[in-house]
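First up is the structure itself, then whatever we jot down about it.
Derivation of every value follows stated rules applied to the coordinates shown; laboratory data play no part. The structure displayed is predicted, hence computed values, not measured ones. Note: ideal-geometry Cβ built from the backbone for every residue, glycine included; neighbour counts use all protein chains shown.
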Amino acid sequence: MKIILPVAGKGTRLRPHTHTRAKSLVSVAGKTVLEHIISRLVPLSPSEYIFITDENGLQIEDFMKEKFPGLPCAYIVQKERLGPAHAVYLAAPRIEADDDVLVVFNDTIFVTDLSRIPQLSQDCDGLIYSKEVEDYQRFGVNVVKDGFIVDMVEKPETPVSRLAQVGLYYLRDGRRFMDYLDRSITEGDTVKGEYYLPAVFMRMIGDGMKLKAPEIDAWLDCGKPETLLETNRYLLNERNHVHGEVENSVLIEPVHIGHGVVIRNSIVGPDVSVAAGSVIEESIIRNSIINANSQVREMILEGTILGDSVRLCGGPRRMNIGDHSLIEMEA
């Protein structure tokens, strides 16, 4: 198996945290998004990880060399932003006749048993992993009949299906999949100038290929600040760790406190991850992500994301307030 990981993209919905770093290197629950994803892929023992990068590709390469030095990786730069199907197609020169392919997009962290791929795909040509959602109008959905996908609808107005595509795809014949991508791109099958995978999959279905839509256990979106915090809460339930120094403070689980962190005279948690080297003093923090080497002093924080090396300091207020007053100090 070869795994294709499109990690290009500006991550505009996560700014300012993606101004200086690749969006897959944003931290959640004590690890980067990419580390969470790769950790779930390592048990598959793929022959190669193929990263489709942009100008931040060196960040990805350096990260992989540091965190996963033994993995076989290749890096391809997507110089033109022509959509996700185009990004996947850039891996074509590295896909050989006997390769099966797993495509993993990096906006989400998935929870599912990938060891079941051989069992799930034994009577079909591929798997378009899905998750049943209530707000189906926001997503591209798979329409399934008799166990196989018969149609794909982008942001349906009526509930033709609630099985949203989650950005995780498996194809048994990787070389044939690349041929379909080539046809779609050659024939200009675009939406607003970009190439998308559903059009490619519908070509395959039209030619009689069979695709299934297995449902994953959890779909953890990391594409926006509010969903990143939701994912942080979910993952912290699995990894409550305290590696730092805690003085005269209360930790309300779940929390992840990284190595070298110092917490003094504070209340931290629930649902807080604090990365290595940060210092928190005289503060109350809940439902937040504090990245590496940051300092927080005399603050009350909720629903907050701080980048690396941030200094956030508050202080006591002096007030002279008369009778019958109403003072509302919003966060």
Open item on the list: Residue by residue through the stretch 272-287, what is 3J(HN,Hα) from phi via Karplus (6.51 cos²θ - 1.76 cosθ + 1.60, θ = phi - 60°)? Round to whole Hz and write x for glycine and proline.
Closed with: 10, 10, 10, 7, 3, x, 7, 10, 10, 9, 6, 9, 10, 9, 9, 6
Task: Dipole-positive endmost among Met209, Pro198, Val153 within the stretch 105-255 (Cβ charges, Cα centre) - done: Met209
- [ ] Name the long-range amide H neighbours of Leu301: under 5 Å, sequence gap of 5 or more, or other chain; modelled H, no Pro or chain starts.
- [x] Ile284, Ile285, Arg286
- [ ] Using amide H atoms built 1.01 Å from N in the peptide plane, name the residues 5+ places from Gly83, or on other chains, whose amide H lies under 5 Å from its own.
- [x] Tyr195
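Order of Cys313, Cys73 from fewest to most other C-beta atoms within 10 Å?
Cys313, Cys73
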TODO: Return the long-range amide H neighbours of Val144 (sequence gap of 5 or more, or a different chain), with a cut-off of under 5 Å between placed amide H atoms.
DONE: Val150
- [ ] Considering only Ala292, Ala87, Ala97, give the residue with the highest GNM mean-square fluctuation for the chain, with springs between Cα atoms whenever their separation is below 10 Å.
- [x] Ala97
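How big is the charge dipole of the stretch 46-179 about its Cα centre, in debye rounded to the nearest 20, if each Lys and Arg gets +1 on its Cβ and each Asp and Glu gets -1 on its Cβ? Don't jump to the answer; show the numbers that get you there.
Numbers: 14 positive and 24 negative charges, 20 e Å.
So the dipole magnitude of the stretch 46-179 works out to roughly 100 debye.
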Open item on the list: What do you get for the angle between helix 225-236 and the principal long axis of the chain? Use alpha-carbon atoms, 0 to 90 degrees, nearest ten.
Closed with: 90
Task: Estimated dipole of the chain in Debye, rounded to 20 [Cβ of Lys and Arg +1, of Asp and Glu -1, Cα centre] - done: 440
Open item on the list: Give me a comma-separated list of calculated 3J(HN,Hα) values for the stretch 98-111, in order, Karplus coefficients 6.51, -1.76, 1.60 applied at θ = phi - 60°, integers in Hz, x for any Gly or Pro.
Closed with: 9, 7, 8, 9, 10, 9, 10, 7, 9, 7, 9, 9, 9, 10
